[in-house]
Amino acid sequence: MCQHQPPCPSADSADRESARLAAHHPEQGWSLLCNGVVLFEDTGELLPDGRVIAPQRPRSASLTTA
């Protein structure tokens, strides 16, 4: 898919999110990367083979237990 030099990381790479944007639709909450990965604003991902990567939301540091 990628025509960039050096090529973007593949959809199976650990750093797949660093691929270049192919399409960006912030009003709809998603972006398509050049490696075929769809990134959602909640940090979830849809890989080209249909696998879903659940959102990786950071835990709030302000949460405390009483």
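The values are calculated or read from the model by the stated rules, or taken from the named source; none is laboratory data. Everything numeric in this text was worked out from a predicted model, so none of it was measured. Counting neighbours? That spans all protein chains shown, and the Cβs are built from the backbone with ideal geometry, glycine included. Keep in mind that these areas ignore ligands, DNA and RNA; they rest on the heavy atoms of the full protein, side chains included. Shrake-Rupley method; radii C 1.70, N 1.55, O 1.52, S 1.80 Å.
So in the range 3-52, with the set limited to residues that are of a type in the set (D, E, K, R) and assigned to a loop (DSSP other than H, G, I, E, B), which one is most open to solvent (accessible area, probe 1.4 Å)?
Residues of the range 3-52 that are of a type in the set (D, E, K, R), as a first pass: 12, 15-17, 20, 27, 41-42, 45, 49, 51.
Subset that is assigned to a loop (DSSP other than H, G, I, E, B): 12, 15, 20, 27, 41-42, 49, 51.
Working: 12: 117, 15: 82, 20: 128, 27: 133, 41: 149, 42: 61, 49: 102, 51: 112 Å².
Across the range 3-52, the extreme among qualifying residues is 41.
Give me the pairs: first residue in the range 18-40 and touching a residue at least 12 places away in the same chain (Cβ under 8 Å), second residue among the aromatic types (Phe, Trp, Tyr) and part of a strand (DSSP E or B), beta-carbon distance under 7 Å, and six or more apart or on different chains, which are they?
Pairs that qualify, where the first residue is touching a residue at least 12 places away in the same chain (Cβ under 8 Å) and the partner is among the aromatic types (Phe, Trp, Tyr) and part of a strand (DSSP E or B), are 29/40; 39/30; 40/30.
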